[in-house]
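Notes follow once the structure below has been shown.
Where a number appears in this text, it was derived from the coordinates with a stated rule and is not lab data. Just so it is clear, the model here is predicted, and its values are computed rather than measured. All Cβ positions, glycine included, derive from the backbone under ideal geometry; neighbour counts span all protein chains shown.
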Amino acid sequence: MKIMDFSLLVELVQKYGYFSMFLFNWLLLFGLPIPNEVAASFTGVLTELNGFNVITAFISAYLGLITATLFAFSIGKYFGPRLINRLNRTRMQRPIHSFSEFLDKRGNLAIGFSFFLPGIRWAMPYVVGANQVSYKTFLTYALPSSFLWMMIYFQLGRTFPYAYPMIIENIQVLLIALMVGMISILLFRYWFKQRKVKKGLS
């Protein structure tokens, strides 16, 4: 990841304060050309270097993330397969295809895991909504996962306010490795339980 020009984020913060933290975490889902991880971490940086209140800043950023995700989910739910067909003709085709396969394999757990997988995170709410998953089920998996994701990068920005862009490049690889490990453990547990059931029936 390149060290980015943060002039857009700085300008938003100077004009709108806490609302800007909500805004640039909300707009990420709709094409703001800044990685999600950078925006979340930058919010943490602001609490260290610009004196913003930690709790208010975190809540502002988290509300931006979760309301944008819920809005995209609602769009997917309302327009259904028509939306997916249209998005498949855009640059989102690959993320949508990747997440659709992931959802087929992992079920609703894919909703939570997707927050930690760069690329397919954008596609997740549209695909899940189009699959007519209930709001209750969606929020059950999305709320805790998005909270944890935001907390990790927010704290990263607070702890390393000058070095976090370089750290993000490496922590993404670590988070992906952790997700793969967790999925492997869940698959092993499922396989082990199925094996015990088969033995009990034989």
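Taking other C-beta atoms within 10 angstrom as a stand-in for reagent exposure, LYS15, LYS77 fall in the order LYS15, LYS77, fewest first. Ordered by the number of other Cβ atoms lying within 10 Å of each residue's own Cβ, fewest first, LYS105, LYS136 fall into the sequence LYS136, LYS105.
Stretched out straight at 0.36 nm per residue, the stretch from ASN108 to THR67 would grow longer than its current Cα-Cα span by 12.8 nm.
In this rough spin-label picture, where each label sits 7 Å from Cα along the Cβ direction, the THR56-ARG94 distance is 4.1 nm. Taking the simple approach of a point 7 Å from Cα along Cα-to-Cβ for both LYS196 and GLU101, what is their distance in nm? Placing both labels 7 Å beyond Cα along the Cβ direction yields 3.2 nm. Fewest neighbouring Cβ atoms within 10 Å first, the residues THR159, THR69 line up as THR159, THR69.
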